[in-house]
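**Q** Structure in structure tokens, see below.
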Amino acid sequence: MTYGKARPAREWASETVFRPLAGRLLPALVRRRVNPLAVVLTHTALGLLAGGLLRRGHRLTPALLLQGKSVLDNLDGPLGAAANPAAEPDSEHRLPLGA
């Protein structure tokens, strides 16, 4: 399943694990009107927490946190599209070339 975004290579883990899991979470988050920015901040925090735990010598917990981060990373775009279907795809947060 593709989401309309051109990809330079086949992303096996995303296609078979992360995007399907994100797709299962999407309806519940849309119903609850979760802001896509909250998802971005959450997966950023998970990545930072995983990095801190790795630095302290942990191995399993950071690995699991990074898997959760990947699911949320695959969720923010579709959530934004579902929350604002009139918006142009991939137009948010783009700056003009001269900016």
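The values are calculated or read from the model by the stated rules, or taken from the named source; none is laboratory data. Just so it is clear, the structure is predicted and the values come from calculations on it, not from any experiment. Cβ coordinates were reconstructed from backbone atoms using ideal geometry, including for glycine residues, and neighbour counts include every protein chain displayed. These accessible areas exclude ligands, DNA and RNA; they are computed on the full protein's heavy atoms, side chains included. Shrake-Rupley method; radii C 1.70, N 1.55, O 1.52, S 1.80 Å.
**Q** Taking the conditions exactly as written (closer than 23 Å to THR16 by Cβ, at pLDDT 95 or above, of a type in the set (A, V, I, L, M) and under 14 Å from the mean Cα position of the chain (by Cα)), does LEU60 satisfy them or not? Working first, answer last.
**A** Details: closer than 23 Å to THR16 by Cβ: yes; at pLDDT 95 or above: yes; of a type in the set (A, V, I, L, M): yes; under 14 Å from the mean Cα position of the chain (by Cα): no.
No; evaluated as a whole, the condition is false for this residue.
**Q** Out of all the residues in the stretch 31-61, which are assigned to a loop (DSSP other than H, G, I, E, B) and either surrounded by 15 or more Cβ atoms within 10 Å (Cβ to Cβ) or of a type in the set (Ser, Thr, Tyr) (or both)? Spell out how you get there, then give the answer.
**A** Looking only at the stretch 31-61, we keep the residues that are assigned to a loop (DSSP other than H, G, I, E, B), and these are 32-35, 56-59.
If the condition is that a residue be assigned to a loop (DSSP other than H, G, I, E, B) and either surrounded by 15 or more Cβ atoms within 10 Å (Cβ to Cβ) or of a type in the set (Ser, Thr, Tyr) (or both), then VAL34 is the only one that fits.
**Q** Take ALA6 and tell me if it is in a loop (DSSP other than H, G, I, E, B), open to solvent by 40 Å² or more (accessible area, probe 1.4 Å) and hydrophobic (A, V, I, L, M, F, W, C).
**A** Answer is yes for this residue.
**Q** Check whether at least one residue in the stretch 3-17 is among the charged types (D, E, K, R) and at pLDDT 95 or above, and report yes or no.
**A** Narrowing the stretch 3-17 to residues among the charged types (D, E, K, R): 5, 7, 10-11, 15.
Narrowing the set further to residues that are at pLDDT 95 or above leaves none.
No.
**Q** Quick check on the stretch 9-30: of everything there that is of a type in the set (Lys, Arg) and part of a helix (DSSP H, G or I), which residue is surrounded by the fewest Cβ atoms within 10 Å (Cβ to Cβ)?
**A** This residue is ARG24.
**Q** Right, next: Within the set of pairs 6 or more residues apart or between chains, which connect a residue that is over 10 Å from LYS69 (Cβ atoms) inside the stretch 32-58 to a residue that is of a type in the set (A, V, I, L, M, F, W, C) and assigned to a helix (DSSP H, G or I) with Cβ atoms less than 7 Å apart?
**A** VAL34/LEU79; PRO36/LEU79; PRO36/ALA83; VAL39/LEU72; VAL39/LEU75; VAL39/LEU79
**Q** Out of all the residues in the stretch 74-92, which are open to solvent by 60 Å² or more (accessible area, probe 1.4 Å) and either farther than 22 Å from ARG24 by Cα or at pLDDT 95 or above (or both)?
**A** Listed by number, the residues that qualify are ALA86, GLU88, GLU92.
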